[in-house]
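Bear in mind that the values in this text are calculations on the coordinates, not laboratory data. Just so you know, these numbers come straight off a predicted model, no measurement behind them. When we count neighbours, we look across all protein chains shown, and the Cβ atoms used for this are built from the backbone with ideal geometry, even at glycine.
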Amino acid sequence: MDQSALTWNRCLTVMGILITGVDGPCKGYIEVGERLAEIGGRRVIDVLDYMHLSQAPSPTLTMEDGRSVTVPKPAYEDLGLTFESFLMDAQRSCANRCVFCFIDQLPLGMRETLYFKDDDARLSFLMGNYISMTNLSERDIVRMIDYRISPINISVHTTNPSLRAMMLGNKRGADSLAALRRFADAGLSLNCQIVVCAGLNDGDELSSTLRDLLALLPALDSVAVVPAGLTKYREGLFPLRPLTKEEAQDVLQRVLAVGDGVIAAEGRRVVYPSDELFLQAGWKIPGGSFYDDYPQYENGVGMLAMLREEFESLEEDICPPPALRRVTGVTGTAAYPTISALFEKTERRCEGRLQAQLIKIENRFFGPSITVAGLITGQDIICQLKGIDVGDALLVPSVMLRYDRDRFLDDVTVEELSQAVDAPVVIFEPDAAGMIKALVSNSD
């Protein structure tokens, strides 16, 4: 184990972490209310320490009061302890002022939690969040390498140091790029994203960034290239504008050229444009094989292709509802053409027993340049469905709702939407199986 990692771990002096639940191997050895300080003689600062150190067979746990106990268990079995918070530590906020930051473009008066900007390396590993690396300390970097934290999801945007510092609004945006090479040299897997801003990091700057990132192969797993999302609430912010159709096409041509060049050597594309880029350019979304194993799916890369691919695999097995079913679905403007075609195909399979209409919801809350379904608000749906008979049910993809699925970003609840449209609201998973089930099932 790296000596520097041992040094920083042993030198830290912090309170133990409050244990709020005990189960599994620790039952009978540890009590609720005790505070965990060390595992195997090493300080436990947060969830990464806990996950890594607790994998050992029969580890010795030391409490804050000095009591030590060896818990018998095989290697990798969970200890069964729960703590006050998932991270076992405070969540790290973002120190940047990115010119394209979506949170800075939110209107006033929304839920307080929506305004929190996270830039937490632990959530990169645990939840897939992207980090800028500007708040990583030397201790953080050493620990990530020592613990083999991988993959790491990194918001790169540009490898031009001065431009990156300017785009992130943080002078550390320049020197933090060095951590990329250290992670790659240590064999950690890297997923990167580039948010393209017109006139800043597109054109030759984009081509240069892609070349620099390919130098990190084979550690580089994937790169997503996505356009900046710009709301109508940009007063006082950096003067950004959406990509024109011609600019989007230029970005696509550069990204596709790099990806085509990598395939021969790596057997995969590595660099992927987002669905939104194809739509802004007016180009057809590629087939599923273009996206390899969909490494950047959660970044909006290949979602529409996967939806089509999944639908084709299920289409022949669609069973019509037992009686006539009339439903209405809603989606954003970006996905509308693809999903509308799938609604029509499902209708044809149902032999006259399904009438399904799909309504394209324009984002009036954030502005019309925001086209994804995940940022549609309840008030926009209610307003744009006024006077429309939605039939037996209104079908809403779960991506439009908060994690608890009871309300939209603007705090309109599912129940309020149901009352407004005078019909049950069916929440469905935004995949082909979920969509088909919502269309044909009568169990609303």
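The table for this structure:
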quantity	calculated
Nearest-20 debye value, the chain charge dipole, Cβ charges on Lys, Arg, Asp, Glu	720
Computed FRET value (nearest 0.05) for Arg348 with Ile382, which takes r as the C-beta separation and R₀ as 41 Å	0.85
Backbone HN-Hα couplings from phi across region 131-137 [Karplus 6.51/-1.76/1.60, Hz, Gly and Pro as x]	10, 8, 6, 6, 9, 7, 8
Interchain or long-range residues, amide H under 5 Å from Val426's placed H	Leu394, Leu395, Val396
Rg to Rh quotient for the chain, alpha carbon positions, Kirkwood Rh	1.01
Length gained when the stretch Asp78-Leu106 is fully extended (0.36 nm per residue, less Cα-Cα span)	6.1 nm
Long-range HN-HN contacts of Arg97 with modeled amide H, under 5 Å	Gly169, Asn170
Derived scalar couplings ³J(HN,Hα) [region 182-198; Karplus, 6.51 cos²θ - 1.76 cosθ + 1.60; whole Hz; x for Gly, Pro]	5, 5, 5, 5, 7, x, 7, 7, 10, 10, 10, 10, 10, 8, 7, 10, 4
Residue with peak Gaussian network fluctuation, the chain [Cα springs, cutoff 10 Å], from Ile131, Ile30, Ile194	Ile30
Largest to smallest principal axis extent of the C-alpha atoms in region 3-83, angstrom	34, 25, 19
Theoretical gain in end-to-end length, Arg241 to Ser289 [0.36 nm per residue, Cα-Cα removed]	14.0 nm
Cα-based equivalent ellipsoid of region 309-440: semi-axis lengths in Å, sorted from largest, via gyration tensor	24, 16, 13
DSSP beta bridges in the chain [antiparallel fraction, %, rounded to 5]	35
For the chain: relative contact order, % (alpha-carbon pairs under 8 angstrom, 6 or more apart)	9
